Structures are given as C-alpha cells and as structure tokens.
1. Working only within region C:115-133, note down all residues that are β-branched (Val, Ile, Thr) and open to solvent by less than 10 Å² (accessible area, probe 1.4 Å).
2. Using beta carbons and a limit of 8 Å, which pairs, at least six apart or on different chains, have the first residue in region B:142-158 and open to solvent by 90 Å² or more (accessible area, probe 1.4 Å) and the second one assigned to a loop (DSSP other than H, G, I, E, B)?
3. Filter region A:198-213 for residues that are out of contact with any helix residue (DSSP H, G or I) (no Cβ under 6 Å at 6 or more places or on another chain) and more than 8 Å from chain B (Cβ to nearest Cβ) and give the result.
4. Find the residue count for region C:38-55, including only residues that are touching a strand residue (DSSP E or B) at 6+ places or on another chain (Cβ under 6 Å), open to solvent by less than 70 Å² (accessible area, probe 1.4 Å) and assigned to a helix (DSSP H, G or I).
5. Considering (1) closer than 26 Å to A:LEU110 by Cβ; (2) out of contact with any Ser or Thr (no Cβ under 9 Å at 6 or more places or on another chain), say which one A:GLY291 fails and leave the rest.
6. Contact list please: Cβ distance under 9 Å, first residue in region B:217-228 and within 7 Å of chain A (Cβ to nearest Cβ) and more than 13 Å from A:ARG186 (Cβ to Cβ), second residue assigned to a helix (DSSP H, G or I) and of a type outside the set (Gly, Ala, Ser), pairs at least six apart or on different chains.
7. If I go through region A:179-190 residue by residue, how many of them are touching a helix residue (DSSP H, G or I) at 6+ places or on another chain (Cβ under 7 Å) and more than 13 Å from chain B (Cβ to nearest Cβ)?
8. Taking A:LEU234 as the residue in question, decide whether it is in contact with a strand residue (DSSP E or B) (Cβ under 8 Å, 6 or more places away or on another chain) and assigned to a loop (DSSP other than H, G, I, E, B).
4 protein chains.
Amino acid sequence: MIIVLKPEAPADSAERLIARIKDAGLKPLHMPGAERVVLGALGDERVLAELALDSDPAVESVKPILAPYKLVSRELQAHDTVVDVGGVSVGGDRLAVIAGPCAVESVDQLHETASAVKAAGATMLRAGAYKPRTSPYGFSGHGLEGLRILREVGDDLGLPVVTEVMDTADVAVVAEAADCLQIGARNMQNFALLRAVGAAGRPVLLKRGLSATIQEWLLAAEYLMAAGNAQVILCERGIRTFEPATRNTLDLNAVPYVKGKTHLPIIVDPSHGTGIRDLVPPMSLAATAAGADGLIVEVHRDPAVAVSDGAQSLYPAQFEKLMSALAPVAAAVGRSL
Amino acid sequence: MIIVLKPEAPADSAERLIARIKDAGLKPLHMPGAERVVLGALGDERVLAELALDSDPAVESVKPILAPYKLVSRELQAHDTVVDVGGVSVGGDRLAVIAGPCAVESVDQLHETASAVKAAGATMLRAGAYKPRTSPYGFSGHGLEGLRILREVGDDLGLPVVTEVMDTADVAVVAEAADCLQIGARNMQNFALLRAVGAAGRPVLLKRGLSATIQEWLLAAEYLMAAGNAQVILCERGIRTFEPATRNTLDLNAVPYVKGKTHLPIIVDPSHGTGIRDLVPPMSLAATAAGADGLIVEVHRDPAVAVSDGAQSLYPAQFEKLMSALAPVAAAVGRSL
Amino acid sequence: MIIVLKPEAPADSAERLIARIKDAGLKPLHMPGAERVVLGALGDERVLAELALDSDPAVESVKPILAPYKLVSRELQAHDTVVDVGGVSVGGDRLAVIAGPCAVESVDQLHETASAVKAAGATMLRAGAYKPRTSPYGFSGHGLEGLRILREVGDDLGLPVVTEVMDTADVAVVAEAADCLQIGARNMQNFALLRAVGAAGRPVLLKRGLSATIQEWLLAAEYLMAAGNAQVILCERGIRTFEPATRNTLDLNAVPYVKGKTHLPIIVDPSHGTGIRDLVPPMSLAATAAGADGLIVEVHRDPAVAVSDGAQSLYPAQFEKLMSALAPVAAAVGRSL
Amino acid sequence: MIIVLKPEAPADSAERLIARIKDAGLKPLHMPGAERVVLGALGDERVLAELALDSDPAVESVKPILAPYKLVSRELQAHDTVVDVGGVSVGGDRLAVIAGPCAVESVDQLHETASAVKAAGATMLRAGAYKPRTSPYGFSGHGLEGLRILREVGDDLGLPVVTEVMDTADVAVVAEAADCLQIGARNMQNFALLRAVGAAGRPVLLKRGLSATIQEWLLAAEYLMAAGNAQVILCERGIRTFEPATRNTLDLNAVPYVKGKTHLPIIVDPSHGTGIRDLVPPMSLAATAAGADGLIVEVHRDPAVAVSDGAQSLYPAQFEKLMSALAPVAAAVGRSL
C-alpha cells in the first residue's frame, strides 16, 4: 500500500503513520520527495485496508498495490474452477447453455418452453419463482408453487434448474428445490443474502450488479467463498450507462478481464444485457467468442404474452437457430456445445 | 400509453393490439401515420404496464404517459407529508439535521460523538449496528449489542435514533430499538426488505440506490407505502458516475425535481455524496439552498481512527462550524434550524 | 410526435398548440384523457423538433415517434452501404482489418510495423500525424511530416491509409495525404469539423464519442451525409462508464443495434475499447462474432517504447496470432478475411 | 510515480525499468515485496508520464503521485485568480451573474432580453452566434451577423458579452466581437481550438465536457494557460449520467473540489445542468451556497418560441425573482451580487 501525504501535512505525520503501520505488524517505507512525502506499507493489504489510513487528516490518498480479494483470485489458485450443477459442468471445454422463461407462469408454459430449449441443445433450465420487480404492482412470481413446478419440470426433462433467491428467509426452500441458486443483479451487494447463500451448500450463479465494478463483483464472490462455498459462477448481465437504446450495456470486456483475475467460471446473460430480442443472438455469439464459459438466455413459448421480460425473450424457433449459429463460433474458439 | 408499431408490422397488428387493450378494460386510439402506425391506450397505466405490449413482435416502442407510481405522487396528495420521528419533524419548516458516526463502535465513542452533535444543534442521531461492507473482511457492525448502545445513548441524550436494517430477519429487532429504519443504497431494490420494513410500523429513511433513477427510487418508496407505511423520508446520497475525484456524484438536481413529483420529504447525505470531509460543509449548504428538508451527516469524535468511513466523517469542531454556517443559508431559503 | 400536457395546463393550451402544429404544415390529433391531455402531430418530425414544443410552459413532455436522422437511416436505404477506401471494401463479406501504430514516430518505425501487419493480413494502415492528447505536454504528432511518411509507407506497401484530422484548418492537407479521414471520439460533435470533412470528398471513419448515445452518433454521421459525403464508416471504440478496470467499456451491443438502424458499415476498435493489450484479441473475436464489418487495431513494433498508447498496442507476433484466431470466427459468421 | 510489476515479470525487469527512470533524469526507488515488486520514481511526473512505463509488459500498473497539471494548480499559485471581463470581475467577492438567451435571434429579441436581465441585476450578457446542434437540420446560429448584434446590444447596455466559438477559423472574429470566448462542453477536448483560443488574448469561459473528469477539465484549462492565457473561468454545466429525468446531472461536488485544486474561478450553468426551467432557480441558489463564483443562466423574453433551449430558459420575471432569492443566499456565504 502506498500512502501519499498532503503537502501541508505537519512534519511529524510520517512518523505517526509509520508507527501505526508497524503496530499493525506491517513493514513501513519512508520516501520523502520534493513535493510530497510518500509512505509504503508492505504486508497483508486487507489488514491495511482496515487501518483506514485515508481517514487521517495528513493523508492525501492511499493506493493499494494488491487486490482486496483473495480466495477468488487466480494468484491463489491458478487453474480454472469447474462448477458442477446437477451433473452439468460450468467452466470446462463445453459451453453451458442455460435457457428458459423469465418466470414460472404455469406447468404447461414451463414444460413446453423447457422441452423446446432442451431439444435445441440447452443443458440447464432457468425460470423465476421469486421475481424482483421495479414496481410493487408487478407480478412477483408464484413463490413456493413456482419452485415446485420448476423442480417437477426439471426432473421430468432431466435438466438441472437455476432460480433466483431474494430473501434470506427463502434460502432453505430454494436450496432444496434448485440445483443452483441465483443471486440477482439488484442483490449483488445484499451482504446478508450473500452470507446465507454462501452457507447453503448449493452452487451459486452470481450476477453482476447494475453499477458494480468488477472488483466489487469479485468481492461479492469472495463473500460466498469466505462463507464456505467454492461453487460460484459469475454472470455478466450488462451494466447501467448513459445509453438509452439498450436496456443495459453488456460489458463483454469483463469476460476476458475477469478470467485473468479469477479462477471462477463466467457466463453471460445477453437477454438482460441488451433487453432487445433481436440483439440476443449476435451478442450470444460475441460472448462466446470473448471466452465466456456459457450463456443464460430467456426463451418463452410465446413471448408476446409473457408476464415479464417478453421483449427480450426469444421465440423457441429463434433459440434453435441461435444454437445452430453458436456451434461453429464455439468451435472456432476451441469450445463445444 | 402510446404504442408505436414497427414499419414492417403485419397489417392486422393494430387490430390485434387494440383488442388486447380493450380486453384490459382500457380505451384504445388508432393513429395511422405515413411512416408509422401509432396506437394510444387511455386508462390506468399500471394495468397497461402489466400487459407488456412491448413484448409483441409488431411493437417498436411503448411510451408511458403517466408515472408508474401513485401513492407517493403529488398528483394524489398535493400537500407535503411531514414525517414524525420520535417527536422530530422531517418535512416542515425546520431543517432536520441527523448526525453521528458511521458505526456504533462503543458506548464511549457514541456518547461522546452524540453529545457533541447535539450540542451543535443536531436533532437526531445516526449510527450503524449492521454495516454493509464491500469486503467480507471488513467490520460489519456490532449487531444487537450495537442496537442496544444506540438506544441507550439516544435515550440518555433525548435524541431519536436512525439506523440501517439490512436483512428481513432483523427488521423486528431494529424496529424495536430505533425510531427510524434506514434502507441503505445497496438495498434500495431489495424488494423483500422493502415489504418487510413497509410493514414494520416505523418511519423509514430510504436512500437512493447508487445507480437508481429517480423513478425507480420513487417506486421503491411506493413499495413502502403500498405495504401500509406512509412515513417515508427520501435520502439523496450520491449516484455512481464516471467521475473518480469524489466517492459519488451528489445529485442535487434530484432535490427540487423530487419535490415536484412527490409529497414525501427529502433529505441529503453529503458525507456519502462526496466521500471527502472537506466537501461536506459546502455541499450541506448547497443541499439546503436547493430545498432539502434536512441533512444526514457523518461525525466522529476522532475520524482518524474511525473503523469505517473516517475519510468522510467530520470532526466535532467542523460540524459545529457547519451548523453555524448553515443557519443563515437556511434562513435565506425560509427554513430554520 | 406525441405532446403530453401538464395536468395544470390552462384549458386553452391544447387549442394554442394545435394551431402551432397546423401552422407548421402538420396534422394535429387531440386525445383528451382523464389525467392528461395528449396531443399528436403527424408529419416530418424534424420540422416538429424545430418547433420546440417542449419549451411551452403547458407541455410536460414531448415524445418523438421517428428517429431524427434520415439519410443514414435504413428506412431510407434498405441495402448495406459498402465504402471503398483506396480499393479496400468496408461493409461487404470480407472483414476490413485496419492496423498500425498509434502515432507516426519515424519512417523506420512505421515501415517495420506496417510490413508486419500487412504480412499478417491487415488490409489498411492506420497511424496518427495529429494526435489528440489530454495533456498539453504530451507528444501531439509530427503533423505534415507525419502525413508525408504515412503516405510514403502506404504507397510503398500498397496499403490504403487512415489518419485522424482534428482541425478544420488541416482538412485539405489530410484529405490529400490519406485515403480515409478519421474523426476521433473527442471530435464526434465538433460540428464545424464534421461539415468540413463531409465536404472533403474522402471516405470518413467516424468514431463514437466517449459519451455519445447511438442516436447522437448517427446524427453526426447525418452531418457528414448532409454535407454530401455518403462514404461513412462508423467505429465503436468504447464508451465512458463507471468501470475503472478498463480504459473504456466497449459497447458491442451497438454493433447489431446500429446495423438495424443504418445502412452504413460499422467497425470496432478493441484497442481503445479496452486499453489493455491482453484484452484486444478476445474482444476482436467478439466484435467479429457480433457482426462488425471490420476492426481497427493498434500494433507497434515495440510497444514498450511507443510514444503513445503502448499499453494497448499489440506486439507484431500477437497481431499475427490474432489474425490466425480471427479466421475461423469470421468464417463461423459467414465472413472472410 | 509508483510502478507495480506483474507477479510473473522476469527477474531483470526491475533493473531495466530503473535504468529507464535514471536515463530520464529521475530518482528511482526499489521496493521488493512478498507478492509484488514495486518501484518508485521521484521527479517531474510529466516527464514520467511521457516515458509511458505502463506500456512495458512487465508492468501491472502505474500510479501517479502528483497531478498532471501545473499552471492551473493551487500548489503553484495559492491565491485566487480574478478574471476581468470587460470591467466585470469573476472570482472575487461579488458573484458574476451572466444571463441571456441561448441564441441571438434578432436585435429585438436580444435587446429586450438583455435589458430585462440587466434590470434584474445581471452583469454580463450571453448569447450564441455559433450554436452547436446535435442535428444538422437544427438552427446553427446567425454567425457574423449574430456577433454584430451581440456587440451592438452589449455596447448599448454597457454589458460585457460572452459567446461561444466552435472553429479555429472563427477565433479571430469572435475575439474581436466578444469580451469573453466560450469553449462549449462538446469542444472541451478540441485541442486545436484550445490552443487557438489560448492565444487569442481574451478571457475564456471553459465549460466542462459532458463526460470529462475534473482532471481532464483542468488539463484543458492547462492547455489555455500553456498557450499564454491566464484569464480562464471554469464552468460546471452538468455531466452525462444514467439519470434521464434531467438533461444532465449538475455536479456541484465539482465546485468545492475544483476550488481546492486550482486558483481559477468557477461558475455554474444551471440551465444546461438541469435542462428544466423550474429547476434553474433552486440550483442557482445551491451553486452559490456551494461556493461558485458566479452563474450563467439562460433567459429569453418568450421561451415558448425560442429557437433553441426554450425548455430550460427562464422567463424574465422568473429571472428577476431568482435574483431576489439569490441575494440572501449570497450574503449567507459571504458574497454579494
């Protein structure tokens, strides 16, 4: 950690800060310059972060040298983590393609959609029983009944299921029903939920928050790992920017960047990442070419009457066409479907 | 609601959509133009929103006419809501000044800080017992013990207390200990928490999310009101932008804008809104001049050793000086301290 | 265009606005609703935009129905424009790969780099003679001498050359030396430059501004076309967001979105779009998979000593490897190199 | 400057980089740590910036210690610069209030508006003869004729005039007609224009770019000062964020932050900063309370028929009311009108 003192800092500031660094069991460095006094502190940066030296009135800025996360870091584990979700691998050579409707609406709706995506090559089923909705007047999911339908359809078709959990009070029931728990974008920094899901013993799909930096996202994953869960899948789903043409700005830069920083697998959600049905296929191909370990795609048997997210849901025939187009792109980057 | 059809939409699309609008009990309008067919739908826009006409493949875009919130709207209630927090009004002529440390660290630390802010003119005490922390390795608050200390110090000094609740499981205990429940920026769209806090029977301080639009923020307040709680205080605390010089970008535009849209009071948090101690006083004055109903300011008896947010916490002497500077600005805009 | 009146608008407002709409030669519509009066205006939206009805104190909001651009719109021209740059097509089946150093530093530097990128398969050469630099103390290019070198190296190797022009005063000399004029991100809304370059009779590479919406970008292209130049290539190069991990956030959503709106070709700059050398190859593949018509990539014979943008410049060997990896991805989406 | 090496950097990297630092005439430091080798370099950071050590493949990151600007820095000049614009001071105790219409439309329109703002207390006149317009079909100003009218009206009323210049080709004529040259937000990084205006011998009003960091803005001011012009007024006018409710997000944090970093005066433009007429008065008060040295406000004799920016222009009566409200706020922060 590098500590830059203010030009007007009293003469004894450096001494005082060096003492605090030493007290924390770290090694201090003193670098007096012409225009600024700079201090260094060698050792565990997480200990240093807790010292909060930037609170000191003599300090102009603090610049960390090491990343604040550890368990998720590729420096700790060089090889890729492969997460097993009900028998389907996420993170290996084969792309994981998760598909399904935004919400569980009925047995029929889910079964028909799930059958279609399975036939087209999807290997996992997604659908929400608990739905985050911007308005209190929107459909917020069928809850327990939705979970039951999801489990039943997944079992019937032999597809592992992924579904969102939004409340610590629901973690146990969702963990019983689902093969993988999703933490949604709006809950990425719901730290109570991260801790509860981290302790639930199920693989986790961790979506990036709408305005989360990559570092904050990896720290959210660190919460899960620190709670004992190493089965974490990251999911880029678009960030919020000034651009109104698309629902979000899908940040595919994050895919290769994250793969350099962590051993955890990363998949991409082009449905929320664009919000526009016609952009989902090209962005699915782009995500794959960028090196993503998989995709999560919204598909509905009849998007025009979907209760939520219909505008970004593919028709089954579009999904089938996407899977055909995906195969050669996956092959071009050394992956299979 | 205005529905614009795609230029290539099949000829029967308008008819089909008009039928859906009628079925929902709304009045349709048909406006065929040279380059686009435009439909109108008159009636409750929330019903229309649930129809999700933008999912229809014939639809290019949907433009709502009315705001999606109702209970919080000034169109429903023209006069200002004044929230009573343990005898202190928020929303009336007198500015509400809430001050205190980021976290409850100890009885001593809180009592000394609270005494100082009370002496300087603060009318409410803030301090966290449950702290959201980006890293799992940070101090996350003293929990129940923190609540107990907060209540004790508040009672001792006769200051109503505000504190954050982060988990639905904690709502009951926090509601018992605190006069006002804070929903933090990261939980603004934690809908399970909004419902639980809305039902808890205590005034609520609802912080704006880091990347929440004003409309989403008002919809979060609508969740609280729809759950039966009309005692809602909005709190602007800065949004996330590209600017790295400050921790957040305090959006003071939101103050007069929000006051035009809702009857709820709005206060400003210049501490998180800037992240820099020296910017807190001028931005407190600016918030007041912009028409805010109050301030929430972090003050610590010794910020240099605060366990969290020290860099943005005022020294007690700075807070005292701020209060002196605030009085004439408040008077200039017709408010008192 | 849809005009929504304020609830408190005086009773005669609709009449007055309808008169203004008629005076402009457009057809008005009157849609009185329970909570708002809504007006429609059918006809040329550009005429309506100039009426600026949102300035009227009775108007709450104005919602355009049609895009404000015309010449660049796919509604005007359904088939793709193919731009010819010195014999190289941009916009057809073959991907255009433009490569070269950030700046012309010397004949040797440029010739060696250009030879390497040509050998690897690049079909066009890029290098700056006029360099936009954030600081007045940075190297700002060799100017006329740089242009001379660029032309000489291009001619020697048979590569068309692309270079930036930053000042209306330089348009003539740059147009004489280069096959394609680049308008940089910082000048995307330098309207005087757009008009001058639009009249210069050379193909134009129009980079997206750092904070330009797609609509503003297409309007900048409309400036060029309105000035008589139909040979416009759009270039997505990353937008500015809150994410500090990468220099910019490459917005690949823009690629398929733009192709739906305009007939103009679009290429991608993964060098500025990421700012990090190691991210350039995967994002080049992603851009291609997303449907881009080409790439513009910074390559330097020795990036470690480049005078500018070295951190994002590829080594020649990396570029060669990228081209090998690119071929199967291009083939997978029906393009060739 | 702090240079952090990659963990996998070859053993001789530090030695090589230290040699480069020495060759540049700077003093190197070597700080080998357990997880990273860190280097320091003491001396002129602008020399170091040009070394571009982040281009070296062994380097993970580079962290500057000093700001990249010098002439504008308060470290170079501790006392406030007061700019004299035709006899009106900007930067002293008295607030500078610049008002007028967006564009010069006619002698009548300008004279009537200017008379009204003068009567209300404005001390300088603004109006555009060259207007940046997003669309090529918008009114782009009356050019030379507009300049002539502006000068005439300014002289007649004894008000110094400020107007925008957009093209290096127009700098001479605008400098002849105006007392202060405005560089608009879209041209903040039009470096050719900055150099030309810097050499024109007139005070400059430098608007912040839509997505410009404060550091980039100060570097744009450094361009002007490096070109020999010390008469620079900064103008905060809102930045582009995700929030659609207002045209821009007025960043008042920038006011006290900038005053800590530079000796140059800073004024605020609440008209562009909000885009909404009703928000202009409260945000004018807020800007003043935050410590701004002045305001620039759009006023039109009849905004409903203004050719541009009518929605954010005040009616003369509103401006008069604003001036009355401003006086006590200014007094509260020790300023006069």
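The values are calculated or read from the model by the stated rules, or taken from the named source; none is laboratory data. Nothing here was measured: the structure is a model prediction, and the numbers come from that model. Counting neighbours? That spans all protein chains shown, and the Cβs are built from the backbone with ideal geometry, glycine included. The area values use the complete protein model at the heavy-atom level, side chains included, leaving out ligands, DNA and RNA. Shrake-Rupley method; radii C 1.70, N 1.55, O 1.52, S 1.80 Å.
1. Matches in region C:115-133: C:VAL117 only.
2. B:LEU144/B:ALA129
3. Of everything in region A:198-213, those that are out of contact with any helix residue (DSSP H, G or I) (no Cβ under 6 Å at 6 or more places or on another chain) and more than 8 Å from chain B (Cβ to nearest Cβ) turn out to be A:ALA199, A:GLY201, A:PRO203, A:LEU205, A:ALA212, A:THR213.
4. Count: 2.
5. All conditions are met except number (1).
6. Sorted first by the residue in region B:217-228, then by its partner, the pairs are B:ALA226/B:ARG195.
7. Total satisfying the criteria: 1.
8. Answer is no for this residue.
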